[in-house]
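**Student:** Sharing a structure, written as structure tokens. Questions coming.
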Amino acid sequence: MLDHAVPIHPGAATASEAIASMEHGVTERKFFPAASTGGPQALRALAGPLPEVIFCPTGGIDRATSADYLALANVACVGGSWLTPTNLVAAQDWNAITALAAHVIA
């Protein structure tokens, strides 16, 4: 993937994995499964020795916990299926999906 200039977000849940991706020039990575891998506390701990490492946590995050992640300096964004519920996608209710995302941003 690195040879083809394709944007990627390889997973990293430990400092060793984050450092390995840095050695390949990766600037952002996915933190999965976020909730069961230590959540915001784990990301806060990684920020100390690796302040330049940026994460997109996913896995076990919901509307209630998203702000805890987004408040961290080393988190650029969060992801999760709660942002695009199956019933809203099937109904093509893009306004409701947009409202979910807007609530997180607020």
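**Student:** Looking only at region 67-88, decide whether some residue is among the β-branched types (V, I, T) and either more than 30 Å from A47 (Cβ to Cβ) or exposed (fewer than 11 other Cβ atoms within 10 Å of the Cβ) (or both). Talk me through it step by step, then tell me what you get.
**Tutor:** Residues of region 67-88 among the β-branched types (V, I, T): 75, 78, 84, 86.
Among the residues that remain, those that are also either more than 30 Å from A47 (Cβ to Cβ) or exposed (fewer than 11 other Cβ atoms within 10 Å of the Cβ) (or both) are: 86.
Yes, region 67-88 has at least one match.
**Student:** Of all residues being of a type in the set (A, V, I, L, M) and assigned to a helix (DSSP H, G or I) in region 54-80, which is farthest from the chain's Cα centre (by Cα)? Just the residue, please.
**Tutor:** Step by step, filter region 54-80, then rank; the result is A64.
**Student:** Here's a follow-up. Mind checking which pairs have a first residue in region 45-68 that is farther than 19 Å from I97 by Cα and a second that is of a type in the set (S, T, Y), Cβ under 7 Å, 6 or more apart or different chains?
**Tutor:** Close Cβ pairs satisfying both conditions: I54/T27; P57/Y69.
The numbers here are math on the coordinates, done by the rules we state, and not lab data. The structure presented is a predicted model; accordingly, all values stated were derived computationally and were not measured. A quick note on method: Cβ atoms are made from the backbone with ideal geometry, for glycine too, and the neighbour counts reach across all protein chains shown.
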